[in-house]
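Structure, as structure tokens:
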Amino acid sequence: MFAKIIIDSSSKAIDRPFTYRIPGHLEGVIQPGSRVRVPFGKGNTLRDGYCIGIETDTALDPGRVKEIDSLPGTAQPMESQMMELAIWMRYRYGGTLAQAFAAVLPNRKDVKPVRNRLYVWKGTKDQLLDQLYIAERRKYYAKIRLLKAFTERLTLPADLVSDRLQIQASTLKSFTDQGLVAVEYVEPAPMADLKRDPQGAKPLNAEQQAAVREILEDPRQVHLLYGITGSGKTEVYLNVIEAVLASGKEVIVLIPEIALTYQTVMRFYARFGERVSMVHSRLSAGEKSARFRMASEGGIRVMIGPRSALFTPFKNLGLIIVDEFHEPSYLSDQSPKYSAVETAVKRASLAGCKVVLGSATPLVEYYGKALSGAYALSRMRTRAVQGSRLPEVEIADLREEFRKRNRSIFSEPLQKAMEEALMRREQIMLFLNRRGYSGAVSCRSCGEAVGCPHCSVPLNYHKNGTLKCHYCGFSRPMVKQCPACGSGMISTFGIGTEKVEEMVKERFPSARTLRMDADTTGGKDGHRVILEQFNQGEADVLIGTQMIVKGHDFPNVTLVGILAADLSLNVPDYRAAERTFQLLVQAEGRAGRADKPGRCIVQTYLPDHYAVRAAVKQDFDAFYENEMLFRKAMHYPPAGFFSGIRFAGPDEGVLRAAAEQLSKEAADTFGQTVRFLGPAEETAYKVKDQYRMILRMKADALEDLLAVKQYMEGKAEPLVRDKRIYMTFES
Ligand code: ADP
Ligand code: ZN
Ligand code: ZN
């Protein structure tokens, strides 16, 4: 018997199957999907690889075929569907087969099987409240988290508790020593025996019922669920999942990592019990692999998690849900740079099941397909909680403030609103929708950013006094006057969260502040500690970047200030308006809950920009219409296909020469069907001593872009092999 083996490597030169003989004792053990160790190359060094097929015969000279050495892990056959998915990913996103297999296959290691461990509160209710009181006074955050969880339910699943609440053994021990908490073990109950949490299951409103029915009955594979923030999408998912489980099938739920909070997980657990599990980036490879194994053996029926949960090896997959599917975190940042949304659609089609894409701000490509009827569409336009309304949103025009000689970063309306909120002892969130990006040059008087005449993206300022386009490479000298209105007040606009915090302290000396950005969230727990402090009322103002807007519910926040909507608008990316609309709508959604009305102030130099106007009215359809006009005029997706090839390398001269030569050859070969932009320097040209350039491409058919990728992979191979340049693909 012979096996086709893919060697685990990022080198294109060996990105094809090699034939090996299967030794007698491994016959029947090695299967497609098994990880194997094989001798490779002249020196017969042992390398890891994947078996992708078994053959009884070979056309090669049998005397020269090498033999498989051993199995590094347990031999588990891979579902043929998963293999097909990996091969498709390699075709769609580039990279090597081995990289695609590594993304799809969990790192198979031997781990001891997990049993379901529970933490059970054995003390009285009064003891629980006493302990909570003490923990709160002493600011023992881990204890507070655990005890609060016990106030909601007296039995907690240990894996979910330690994953999401970050409870260490020592924290638990102080309670088990006192006999207040016991650790117990259970076998997962059969699905049929699950008791539904009576508080968890809410009677659905009419919109929710309609959505559930449409999702279950519509025959179309892809179902878009558009629902405003707070419309109760999760409740819809829970009901659909229940129906799918009842039919004997399994479910994958993708949730952005940052939104995968304890509360979210518990909503699923309360409904479906021990058959729910999750994977996320903090799990060790062994733990993740154990959970995947349980899923393939039927011990887990619902898997929740970010991107990689998509590869849960369920045998009988009945549904995939992608929540907040517009989130950029669904794009992988490692090769293969796959889109988890697109890959979810592919996996659903291989499994013959349905995929639900949910969002309050759907990506326009997908919404367009729903409007055209290619995808099914359900809409929910009201908030689920009785009496809850969307916040009141108003614009503060920074051009006006400039004219009134207000040089502070706070407009008059925002200052006033902050004063009032502080007086009422309510909390404020100040949101900087980008961290210190200062590349674009814009006009203080009319708000326009100086853009590229060819690409409709802002030009980037360079220290040598030129403005450059990061799409096509167009460049011009720095302007002295605004090309739109002639004003001389033109400059780059950069501001960081640190500066904002300083200015809050200056303007409101008695306000207590917290800041959340990449600097303050270092370390394992930074992120959570800040949110907990804010939630406990230890600060009046939370200042932060995108991190603060997602999935966090602070009942006492009644004011959200968006300091400069333009920061994410003036980014050289054709999706900048869409991203801005998403961020604004999400940030607005943080203000106010049922009992206290919320208010949001959006500061901007561009109050008439369609993305800002639609976000203020929280009107997705208005945004969509305008955005599509822009995309069509510029042939950006979905009006065409757009993608890029990135070049990076330590030697600037080599990199430039290679990028330019390769781009020229590609243009000569594919100029008929593909429009090439660049190669241009990336927005961040030098990162970690690597110079970076990108060649962007537009085409009417995806296949034409994929053909260029294939061609470039071949052409660049010698340089890539010598590590003189690196090449990656954008999907
Ligand atoms: P979304 O994900 O659409 O933003 P959620 O699913 O988180 O919204 O629901 C928002 C809030 O509405 C939650 O507090 C949830 O418990 C509540 N909710 C959802 N459905 C109902 C319902 N049918 N009746 C009452 N409250 C509901
Ligand atoms: Zn101007
Ligand atoms: Zn350009």
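Only the coordinates and a few stated rules stand behind these numbers; no lab work does. Just so we're clear, the structure is a prediction, and the values are computed from it rather than from any experiment. Don't worry about glycine lacking a Cβ; one is built from the backbone with ideal geometry, like all the others, and counts go over all protein chains shown.
How much of the DSSP bridge set in the chain is antiparallel, in percent, rounded to the nearest 5? Let's see the in-between values first.
Numbers: 60 of 111 bridges.
The antiparallel proportion sits near 55 percent.
Along each principal axis of its Cα atoms, how long is the range 116-187 end to end? Whole angstroms, biggest number first, please.
Between the extreme Cα coordinates on each principal axis of the range 116-187 lie 37, 24, 22 Å.
Please sort 209-218, 676-685, 250-259 by packing, taking for each peptide the average over its residues of neighbouring beta carbons within 10 angstrom, highest first. Spell out each step's value before the answer.
Numbers: 209-218: 17.1, 676-685: 19.8, 250-259: 22.2.
Put in order of decreasing packing, that is 250-259, 676-685, 209-218.
What percent do you get for the relative contact order of the range 641-730 when only Cα pairs under 8 Å and 6+ apart count? Before the final figure, lay out the partial values.
On the way: 144 pairs, mean separation 41.2, N = 90.
Rounded, it is 46 percent for the range 641-730.
³J(HN,Hα) across the range 125-140 via Karplus (A = 6.51, B = -1.76, C = 1.60, θ = phi - 60°), whole Hz, x for Gly/Pro?
4, 5, 4, 4, 5, 4, 4, 5, 4, 4, 4, 5, 5, 8, 6, 8
Can you list, by residue number, the Cys in the chain that have no neighbouring cysteine C-beta under 4.7 Å?
Within the chain, the cysteines lacking a partner Cβ under 4.7 Å are 51, 353, 472, 600.
According to the Cα gyration tensor, what semi-axes, each the square root of 5 times an eigenvalue, does the equivalent ellipsoid of the range 575-731 have, listed from largest to smallest in whole Å? Write out the running numbers ahead of the final one.
On the way: eigenvalues 312, 79, 29 Å².
Semi-axes (√(5λ), whole Å): 40, 20, 12.
In the chain, if the dipole is taken from +1 on Lys/Arg beta carbons and -1 on Asp/Glu beta carbons about the Cα centre, which of 172, 52, 384 is farthest to the positive end?
Sorting the options by dipole projection puts first 172.
Once phi is turned into θ = phi - 60°, what whole-Hz ³J(HN,Hα) does the Karplus curve with 6.51, -1.76 and 1.60 give for every residue of the range 151-161, x standing for Gly and Pro?
Taking θ as phi minus 60°, the curve returns 5, 8, 8, 7, 10, 10, x, 5, 5, 5, 5 Hz for the range 151-161.
Two decimals is fine: what is log10 I(q)/I(0) at q = 0.19, 0.25 Å⁻¹ for the range 641-730, from a Debye sum with one equal scatterer on every Cα and no solvent?
-0.79, -1.29
What translational D, rounded to a whole number of µm²/s, comes out for the range 192-380 from Stokes-Einstein when the hydrodynamic radius is the Kirkwood one over Cα pairs, at 20 °C and 1.002 mPa s? Can you show the working numbers first?
Working: Rh = 16.6 Å.
It comes out at roughly 129 µm²/s.
Roughly how compact is the range 254-307, stated as its Cα Rg over 2.2 N^0.38 Å to two decimals?
1.08
Lys and Arg at +1, Asp and Glu at -1: add these up for the other residues within a Cβ distance under 11 Å of residue 588 and post the number.
Numbers: positive: 590, 599, 617; negative: 392, 394.
Summing Lys and Arg as +1 and Asp and Glu as -1 gives +1.
Can you list the lysines whose alpha carbon is less than 29 Å from that of residue 404, not counting same-chain residues fewer than 8 positions off?
Hits, sequence-local ones excluded: 416, 480, 499, 505, 617.
Going by average Cβ density within 10 Å per residue, which order do the peptides 565-578, 714-727 take, highest to lowest? Spell out each step's value before the answer.
Values: 565-578: 23.1, 714-727: 16.1.
Highest-to-lowest ranking by the protection proxy: 565-578, 714-727.
Sorted by mean Cβ packing within 10 Å, highest first, what order do the peptides 528-536, 419-427 take? Before the final figure, lay out each step's value.
Details: 528-536: 18.0, 419-427: 14.7.
For the peptides 528-536, 419-427, the packing ranking is 528-536, 419-427.
Could you give the spread of the C-alpha atoms of the chain along their three principal axes, from largest to smallest, in whole angstroms?
87, 75, 47
So, how do all the Cα-to-Cα distances of the range 2-104 break down into 5 Å bins, in percent, from 0 on up?
With a bin width of 5 Å, the distribution comes to 2, 13, 25, 26, 19, 11, 3, 0.
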